[in-house]
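What follows is a single structure, written as structure tokens, with notes after it.
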Amino acid sequence: MKRYHYRGTQDNEFKLFESDDLVIVRTKENWNPQEWLSVQAADVEIDHVKEVDVYPEASVYVFKLLHDISARTRDQFKESIKNLDDKRIVFIGTVFINEFGSYQIYTGNLFLKFQNHVDESVQRSILGAHNLKEKRKLKFSQCAYFLEPEEDTGRDIFELSTDLLSLPEVELCHPELVVARKTIEYRDSGLPEEQEADWALRQVKLFDAWKKTK
């Protein structure tokens with residue numbers, strides 16, 4: 001299980017759980033591995049591999065393993081694919097789901113907002129100390145960034161975001177998550193800075209989710 005927070009430490013904690021029957025696969029040059037994976041699945045008594053979603057811009061596919069899949073079977077399947085060492089496969093991993101059953105893919109990136117009073121030199125020092133580099137500085141605040149680690153942290157991105165959130169200089173921090181192909185493209189909403197983050201959260205109906213979990 002992984003934990004993260006939206007809107008700081010004082011609001012609800014969100015939890016993600018490993019899906020027993022979903023896997024994520026990144027390939028080279030948008031090669032769709034569904035048929036190939038289905039052939040390999042027979043070796044670990046998986047009936048079929050069904051494509052659930054595809055992200056062609058990243059050559060990433062989400063698959064559902066059928067039928068009667070356990071975490072053990074899922075892990076055996078992943079290990080068998082890794083052992084084949086097919087050069088067309090860049091990565092195969094487990095997918096996280098939220099308490100509503102929707103899958104959420106962590107990209108390895110972070111959203112981070114410093115407190116407004118924190119000097120930019122201090123911001124840069126904290127980013128450097130945690131081996132983070134700036135992907136994009138967000139327009140709605142001089143203190144908000146999308147960041148990526150200098151080295152791939154994998155699932156440790158969740159612990160890293162929690163560690164950063166514990167710093168007094170940091171107001172908000174959470175991993176970037178992709179939810180069932182729904183993403184937000186930033187546009188100027190015309191709102192004051194203090195309302196801008198809430199606009200983004202409304203786009204993915206997070207406030208509705210909070211009402212159900214309180």
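Selection of segment 21-49 for residues being in a helix (DSSP H, G or I), closer than 20 Å to T94 by Cβ and either among the hydrophobic types (A, V, I, L, M, F, W, C) or without any contact (Cβ under 8 Å) to a residue 40 or more places away in the chain (or both) yields Q34, W36, L37, S38, A41, D43, V44. Scanning segment 1-23 for residues being β-branched (V, I, T) and at pLDDT 95 or above gives a total of 1. When F77 is tested against the conditions (1) closer than 14 Å to T27 by Cβ; (2) in contact with a Leu (Cβ under 7 Å, 6 or more places away or on another chain), the lone failure is (1). Scanning segment 165-190 for residues that are outside any loop (DSSP other than H, G, I, E, B) and modelled with pLDDT of 70 or more returns L165, V170, E171, L172, C173, H174, P175, E176, L177, V178, V179. Residues in segment 116-126: is at least one under 27 Å from I24 (Cα atoms) and polar (S, T, N, Q)? Within segment 116-126, none of the residues are under 27 Å from I24 (Cα atoms) and polar (S, T, N, Q).
The values are calculated or read from the model by the stated rules, or taken from the named source; none is laboratory data. Keep in mind the model is a prediction, meaning the values are calculated, not measured. Neighbour counts are summed over all protein chains in view; Cβ atoms, including those assigned to glycine, are modelled from backbone coordinates with ideal geometry.
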